[in-house]
Amino acid sequence: MSMPWVQSGSRNDGRTEEAAGEDQLSLIPRWSVVLAILIFGAVQYLFHGVLPHHKPEMLPMRLLMGYSWGTAFASYVLLVGYVSRDVKRRRMPAALWMLIVVLMPGGIGAVVYFLLRQPLLRACPNCRTEVMSSYHFCPQCQFQMAPVCGRCFRGVQITDVYCTQCGHDLAKDQAPARLRAYSD
């Protein structure tokens with residue numbers, strides 16, 4: 001069973017390998033999606049079956065309250081499911097963060113999680129050392145992981161001809177072939 005919002009296939013539109021190969025919505029586990037649907041349905045049953053009001057002028061308010069509370073609770077369950085997978089991906093203590101996200105009221109735990117979460121790590125293709133995805137060179141073996149300017153050593157896009165910081169001609173840098181996307 002595949003999720004309708006998850007696209008299969010690989011994309012190569014200039015983004016990092018990790019971001020291109022992984023859709024953020026695919027991090028939401030199936031149990032969270034199913035539980036969110038059940039909770040949304042339970043809230044609708046509560047507002048339209050258990051607590052019916054027989055005055056017809058109250059129907060719009062009952063519909064508004066049922067849909068808004070159902071959406072809020074279902075969204076919170078989806079958020080907890082996302083955090084449950086993201087915390088493992090970032091190698092953080094899962095039990096602690098799930099406890100914080102679930103027990104802190106009003107979604108404050110999720111806000112704290114997103115403010116304090118660790119950056120994603122990726123393995124260096126040369127020595128397999130785990131480094132932050134923002135690094136341009138591996139700190140262990142000096143393997144060039146992203147294109148940089150040969151003069152100021154700031155990151156550049158693979159399609160740039162000149163450095164956006166210092167104006168250096170990037171063609172003179174002799175960048176490795178794996179980092180060159182286009183040649184004139």
Inter-part gap, Cα centre of the stretch 130-161 to Cα centre of the stretch 35-114, in whole angstrom, is 42
Per the rule of 0.36 nm per residue minus the C-alpha distance, extending Asp23 to Leu99 adds in nm 24.8 nm
Here, Leu115 and Trp31, labelled 7 Å along Cα→Cβ, have an inter-label distance in nm of 2.9
Given a Förster distance of 41 Å, the FRET efficiency implied by the Cβ-Cβ spacing of Val161 and Met58, rounded to the nearest 0.05, works out to 0.05
Taking R0 as 30 Å and r as the Cβ-Cβ distance between Arg85 and Cys152, the FRET efficiency 1/(1 + (r/R0)^6), rounded to the nearest 0.05, comes to 0.20
Sorted largest first, the Cα spans of the stretch 17-118 on the principal axes come out in Å as 55, 29, 19
For the Thr129, Trp69 Cβ pair and Förster radius 41 Å, calculated FRET efficiency rounded to 0.05 is 0.30
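All of the numbers you see were taken from the coordinates with simple rules; none came from a lab. All values reported here derive from a predicted model rather than from experimental measurement. No Cβ is skipped: glycine too gets one built from the backbone with ideal geometry, and neighbour counts run over all protein chains shown.
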